[in-house]
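**Q** Take a look at the following structure, please.
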Amino acid sequence: TVCSSRYVLSALHPMWQGPLAAPGGNRQSPIDIRVRKSVFDPHLEPLTLEYDPRTCSQVWNNGYSFLVEYNDTTDKSTLKGGPLEDTFRLCQFHFHWGESNAWGSEHTVDRRLFAAELHLVHWNSNKYKLFEEAVLEENGLAVIGVFLKIGKRHEGLQKLVDVLPAVRHKDSVVEFTSFDASCLLPANIDDYWTYAGSLTTPPLSEAVTWIIMKQPIEVSHDQLAVFRSLLFTSAEEEVQKSMVNNFRVQQPLKGRTMETIPE
Ligand SMILES: CCCCNCc1ccc(S(N)(=O)=O)cc1
Ligand SMILES: [Zn+2]
């Protein structure tokens with residue numbers, strides 16, 4: 001029975017699971033957020049998000065998720081404040097989701113799973129010239145996490161959902177412009193948890209200041225079903241695999257504390 005449960009686990013989780021925790025990693029993501037264990041940090045400031053829709057450029061199926069990519073050659077779409085000392089530049093956002101609405105998020109809140117999770121990825125443009133440099137540095141990156149729950153249709157998301165059939169296969173790209181990513185944020189962006197973590201897919205770099213919104217956003221069942229119509233596999237491969245369950249298993253907390261804003 002042990003091997004069968006191990007088999008089920010591996011069948012449920014895609015290839016990048018590899019070792020359950022990166023060897024030697026002591027700040028790996030995702031984790032379970034224990035609400036009552038989070039510490040008020042009076043120094044946390046409000047977040048300042050300034051996203052310019054004109055920097056949005058394309059949607060790309062990279063074989064793990066679909067990425068909405070931004071032109072990050074200038075400081076036009078930026079994130080400041082909160083736990084961050086510097087200015088961080090938006091380079092892409094993407095999602096993680098399940099094969100059913102019962103699971104799909106990477107982080108959990110007191111073990112509660114959400115249907116999906118949005119990640120808005122930024123890099124420290126005060127200190128580095130490129131994402132590829134920042135990803136090698138402790139706290140070179142800042143990722144905003146937003147939970148998705150099933151409810152009413154998200155009008156802002158629909159523009160993105162409508163182009164997903166064009167990137168059904170791995171390595172496909174479609175032009176996608178003038179999209180304001182801030183429409184995907186919850187009403188109150190100053191209600192968040194923050195902790196020191198890592199990328200949740202290879203290279204699993206321990207470079208991320210995570211900022212997880214307490215308020216989920218709502219999307220409709222049909223909108224999430226379109227996410228599941230995407231494929232992990234490229235057009236050439238004979239066996240097509242649905243892009244579902246593209247989340248990493250939870251990682252040990254290793255003594256880290258979750259900080260939150262004073263209520
Ligand atoms: C050096 C090239 C890395 C490409 N991939 C980066 C990457 C991976 C995971 C995440 S996540 N899921 O932690 O937000 C963001 C960005
Ligand atoms: Zn992610």
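The values are calculated or read from the model by the stated rules, or taken from the named source; none is laboratory data. Just so it is clear, the model here is predicted, and its values are computed rather than measured. Here Cβ is always computed from backbone atoms with ideal geometry, including for glycine, and neighbour counts include all displayed protein chains. Accessible surface is based on the protein model in full, side chains and every heavy atom, while ligands, DNA and RNA are left aside. Shrake-Rupley method; radii C 1.70, N 1.55, O 1.52, S 1.80 Å.
**Q** Those residues that are over 21 Å from Val219 (Cβ atoms), in contact with a helix residue (DSSP H, G or I) (Cβ under 7 Å, 6 or more places away or on another chain), surrounded by 16 or more Cβ atoms within 10 Å (Cβ to Cβ) and touching a residue at least 40 places away in the same chain (Cβ under 8 Å), I need them from segment 73-114; list them, please.
**A** Ser77, Cys91
Conditions tested, residue by residue: (1) at pLDDT 50 or above; (2) farther than 23 Å from Ser105 by Cα.
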position: Ser4; (1), (2): no, yes
position: Tyr7; (1), (2): no, no
position: Leu12; (1), (2): no, no
position: Pro19; (1), (2): no, no
position: Asp32; (1), (2): yes, no
position: Phe40; (1), (2): yes, yes
position: Leu44; (1), (2): yes, yes
position: Pro53; (1), (2): yes, yes
position: Ser57; (1), (2): yes, yes
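**Q** Sticking with this one: Against the conditions (1) within 12 Å of ligand 1 (Cβ to nearest atom); (2) farther than 17 Å from Thr78 by Cα, where does Ala134 fall short? Just the number, please.
**A** Evaluating Ala134 over (1) within 12 Å of ligand 1 (Cβ to nearest atom); (2) farther than 17 Å from Thr78 by Cα leaves (2) as the failure.
**Q** I'd like to verify a number: residues in segment 168-181 that are farther than 24 Å from Ser77 by Cα and open to solvent by less than 80 Å² (accessible area, probe 1.4 Å), how many?
**A** Number of matching residues: 3.
**Q** A further question follows. Within segment 187-211, which residues are open to solvent by 10 Å² or more (accessible area, probe 1.4 Å), outside any strand (DSSP E or B) and not polar (S, T, N, Q)?
**A** Hits for segment 187-211 are Ala187, Ile189, Asp190, Asp191, Leu199, Pro202, Pro203, Leu204, Glu206.
**Q** Here's a follow-up. Quick one: in segment 32-82, which of the residues that are within 30 Å of Val167 (Cα to Cα) and among the β-branched types (Val, Ile, Thr) is nearest to the chain's Cα centre (by Cα)?
**A** Val68
**Q** Mind checking which residues of segment 161-218 are within 30 Å of Glu237 (Cβ to Cβ), within 18 Å of the chain's Cα centre (by Cα) and away from ligand 2 (no atom under 16 Å from the Cβ)?
**A** Val161, Leu164, Phe179
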